[in-house]
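What follows is a short report on a single structure.
Every number here is computed from the coordinates shown, using simple stated rules; none is lab data. Everything numeric in this text was worked out from a predicted model, so none of it was measured. Using ideal geometry, Cβ is built from the backbone for each residue, glycine included, and neighbour counts are taken over all protein chains shown.
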Amino acid sequence: MSLLPRDGTAVHQFSFVDALVAGLYDGAFAASDVAAVGDLGVGCGDSLDGEFVLLDGVGYLCRANGVQRVDPTDLLPFAEVVRFRPTFTAPVTALSEKQFEALVESLVPTNNLFYAIRVDGDFDGMTVREATRQQRPFPGLAEAVKSQHESAVGATSGTMVGFKGPDVFQGLSVADFHLHYVDEARQFGGHVMDFALRSGTLTIEAYAGFSLRLPQVSSYLEAELDDVDADEAIRQAESS
Ligand SMILES: [Zn+2]
C-alpha cells in the first residue's frame, strides 16, 4: 500500500472557499458536471442550502430535515471531488475525531499533498452541522454560519468522505481536514464537527494535481474579491 499520488490524478474543485466567505452562494455548476470528473467529494447546495456529499458517484444534499438525492441539473456553488481509487486501506477501531486525525497524519508521507479520505463504519456518536438556505443579498460566510443547524446522534452507521489539504491552500480550498457524513439509510448527514468511531474501514488516495474551475455566474463576475480576509471565517465555518 502506498500513499504517493499516481501520475495524472487530481483533485477537481469548483469555485473556491474565499468565494463562499465573500457570500457567493449562487449555484454555478450543474451536479452532472461535478459528477463527470469525480465520484467522491464534498460541497454545498445552492444558496448554501445544505451540505453536499458525493459518494460512489451519487450526489446527496444533507439538510437539517434530512438527506435528498441531487438531480443532475441541480446547481452547486462549490464542490471538491476526485475519481477515488484508494491506494491505502486499513481497518480502524475506537477513535475519537482527534485520534482519527492523528492517525491519518501519522500515515501520510507529507502534509503538503491532497488526500481524499473515506471511512465506512459504525459510529458511537456523530455531530454534524448543516448550512441553511440564505436569502439575498447573501451575507458573508461568517454571518451565514450563525444560522447553521447542528445535530448530534448516537449510534449510527454510514460513510465519512472528504479531504485533508495542504495548509497553504486555505482560502482556495480548506486547510487540513474537511469531512462530510451521510448515514447508511441516507436520512442523516452533514459537515462533520465531531465523532466517535467504533469500527470501520479507512481508505485514502493522495493527489499531487489540483484543478480549479471558476464560476461564471454574474454574482461572481461582478464581485469585489480583493479584500476577502478569509482565514478566521474559514476556520470557524469549515474546520470542525
Ligand atoms: Zn463542509
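Between the stretch 108-122 and the stretch 10-73, what's the alpha-carbon centroid distance in Å?
Computed from Cα coordinates, the inter-centre distance equals 20 Å.
For the stretch 122-175, take every pair of Cα atoms, bin their distances at 10 Å starting from 0, and report each bin as a whole percent.
19, 31, 39, 11, 0
Viscosity 0.692 mPa s, temperature 37 °C: give me the Stokes-Einstein translational D for the stretch 47-175 in µm²/s, with Rh taken as the Kirkwood radius over C-alpha pairs.
197 µm²/s
Taking the chain as the reference, fit the longest principal axis to its C-alpha atoms, fit the long axis of helix 97-107 to the helix C-alpha atoms, and give the angle between the two in degrees, 0 to 90, nearest 10.
70 degrees
With θ set to phi - 60° and the Karplus curve 6.51 cos²θ - 1.76 cosθ + 1.60, what are the ³J(HN,Hα) couplings of the stretch 138-153 in order, to the nearest whole Hz, using x for Gly and Pro?
Once rounded to whole Hz, the list reads 5, x, x, 4, 4, 6, 4, 5, 5, 9, 5, 9, 10, 9, 10, 10.
Computed FRET efficiency, Cβ-Cβ of Ser32 and Arg6, R0 41 Å: what is it to the nearest 0.05?
Working: r = 25 Å, r/R0 = 0.62.
E(calc), rounded to 0.05, equals 0.95.
Among Tyr181, Tyr60, which comes first, then next, by fewest other beta-carbon atoms within 10 Å?
Exposure proxy ranking, most exposed first: Tyr60, Tyr181.
Do me a favour and compute the ellipsoid semi-axes for the chain from its Cα gyration tensor, root of five times each eigenvalue, largest one first, whole Å. Write down the numbers at each step before the final one.
Values: eigenvalues 133, 82, 55 Å².
Result for the chain: semi-axes of 26, 20, 17 Å.
Taking the Cα-to-Cβ direction at Lys146 and at Asp226 and moving 7 Å from each Cα, how far apart do the two end points lie in nm?
2.8 nm
Convert each backbone phi in the stretch 48-53 into a coupling constant with the Karplus relation 6.51 cos²θ - 1.76 cosθ + 1.60 (shift: θ = phi - 60°), then list the ³J(HN,Hα) values in order as whole Hz, x for Gly and Pro.
Working through the residues one at a time gives 6, 7, x, 9, 8, 10 Hz.
I need two numbers for the stretch 15-86: Rg to one decimal and Dmax as a whole number, Cα atoms only, in Å.
That works out to 11.3, 34 Å for Rg and Dmax.
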